[in-house]
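Working notes, beginning with the structure itself.
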Protein chains: 2
Amino acid sequence: MKIGELAKRTGLSASKIRFYEDIGLLKMVERKANGYRSYPKEAEVALNLIVSGQQAGFSLDELKALLPADLSGWQHAQLIDALKQKVMDIEQLQAKLAENKQRLTEILTEIDAKPDDMDCADNAKRVLTQMGLKNNK
Amino acid sequence: MKIGELAKRTGLSASKIRFYEDIGLLKMVERKANGYRSYPKEAEVALNLIVSGQQAGFSLDELKALLPADLSGWQHAQLIDALKQKVMDIEQLQAKLAENKQRLTEILTEIDAKPDDMDCADNAKRVLTQMGLKNNK
DNA sequence: TCTAACTTTAAAGCTCACTTTAAGGTCAAG
DNA sequence: CTTGACCTTAAAGTGAGCTTTAAAGTTAGA
């Protein structure tokens, strides 16, 4: 498979694919007699994995360390640990956001119950202070 | 509050706080007679919001569009709108995080589903092929 | 055979999110 | 009144993650 086809299949630009090779992230490539790159079909899978990893918050360097040149030489335990750590990071952030959301929803209900007798600035301060405390945890 | 104290309180560097001001992200700042920056305590809250938003994948430009310039200047109706907006923002963050988490969890599930009689190389190929198919959609 | 659409390279350029540098001004303690 | 820890600025530098450029070679189709 030439680079153009791989680019179309993965939705990535050819320059990006060459860049990943330059930095040693995508090693699954050979050269034809004419100098053109030639990719095995696993390259498509590898690139999809790279894109997924990036979307999940891995840097290219992290992915380079996690994904070996040879897919079968995969560091199983290491990869699982890294994935689990990322999931935990996300769960922590989700918990924080859920608390903030709950706080805001409660306060919205409170404000709806109170007419114009309370000072707006005080209300704002109270709301934001509570959010700040949650974020500081 | 001077910039050094705000930096300590938020755990951010002073240069980062100045940078956020430069790009128009943190507008809650005044100047003392000596030229020193002076922050209201709400600035700490605002910075915590910025950090949270960034952790959830928002760019500084997105946050700039999302966060109000002056927290204490909110009026009653505006406050309610802003809070409701913030809840929606949080829901957006949650959706983004859930997507990332889902991606990772799928990968972990695939690895866990490994049959005992399958060796590492085959398993790696199977998992990665599966991911490739999912990502192609 | 021509030509349009590929492919190659190295190097430079770009955006984002900052940090560092340099050269100075302010302030509280001793 | 000096010392050192703060604060100020503009401008340059950094690193990640690319894209663009330029100048060339290759190939598939009419």
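Every number in this text was worked out from the coordinates using simple rules, so none of it is lab data. Because the structure is a prediction, the values reported are computed rather than measured. In this analysis, Cβ positions are derived from the backbone assuming ideal geometry, glycine residues included, and neighbour counts consider all displayed protein chains.
Taking a point 7 Å out from Cα toward Cβ as the label site, list the nm distances between A:GLY24 and the same residue in every other copy, smallest first.
4.2
Output ³J(HN,Hα) for the range A:16-23: one whole-Hz value per residue in order, computed from phi by the Karplus curve 6.51 cos²θ - 1.76 cosθ + 1.60 with θ = phi - 60°, and x for Gly and Pro.
Along the range A:16-23, the couplings run 5, 5, 5, 4, 4, 5, 3, 8 Hz.
Suppose R0 equals 51 Å. What FRET efficiency, 1/(1 + (r/R0)^6) with r the Cβ-Cβ distance, do B:LYS32 and A:ALA14 give to the nearest 0.05? Write down the numbers at each step before the final one.
Working: r = 55 Å, r/R0 = 1.08.
Given R0 = 51 Å and the Cβ-Cβ separation, E is 0.40.
Using the 7 Å Cα-to-Cβ label point, sort the distances from B:LYS2 to its equivalents in the other copies shortest first and give them in nm to one decimal.
6.6
What order, most packed first, do the peptides B:59-66, B:38-45, B:23-30 have when packing is the mean number of other Cβ atoms within 10 Å of each residue? Mind dumping the intermediate values first?
Values: B:59-66: 13.8, B:38-45: 19.1, B:23-30: 15.2.
Order by mean packing, descending: B:38-45, B:23-30, B:59-66.
In the structure shown, do any of A:LYS101/B:LYS84; A:LYS41/B:LYS101; B:LYS27/B:LYS84; B:LYS16/B:LYS41; B:LYS2/B:LYS64; A:LYS101/B:LYS2 have a Cα-Cα gap over 19 Å, and if so which? Write out the running numbers ahead of the final one.
Working: A:LYS101/B:LYS84 10 Å; A:LYS41/B:LYS101 27 Å; B:LYS27/B:LYS84 22 Å; B:LYS16/B:LYS41 17 Å; B:LYS2/B:LYS64 23 Å; A:LYS101/B:LYS2 30 Å.
Over 19 Å Cα-Cα: A:LYS41/B:LYS101; B:LYS27/B:LYS84; B:LYS2/B:LYS64; A:LYS101/B:LYS2.
Starting from the Cα of A:GLN55, step 7 Å along the direction of its Cβ; do the same at B:MET88; then give the gap between the two resulting points in nm.
2.5 nm
How many Cβ atoms of partner chains, on average, are near each residue of B:37-47 if near means within 10 Å of its Cβ? Let's see the in-between values first.
Values: counts 0, 0, 0, 1, 4, 5, 1, 5, 10, 3, 2.
Counting other chains' Cβ atoms within 10 Å and averaging over B:37-47 gives 3.
Check A:SER38: other-chain or 5+ apart residues with amide H under 5 Å from its amide H, H built from backbone geometry?
A:GLU30, A:ARG31, A:LYS32
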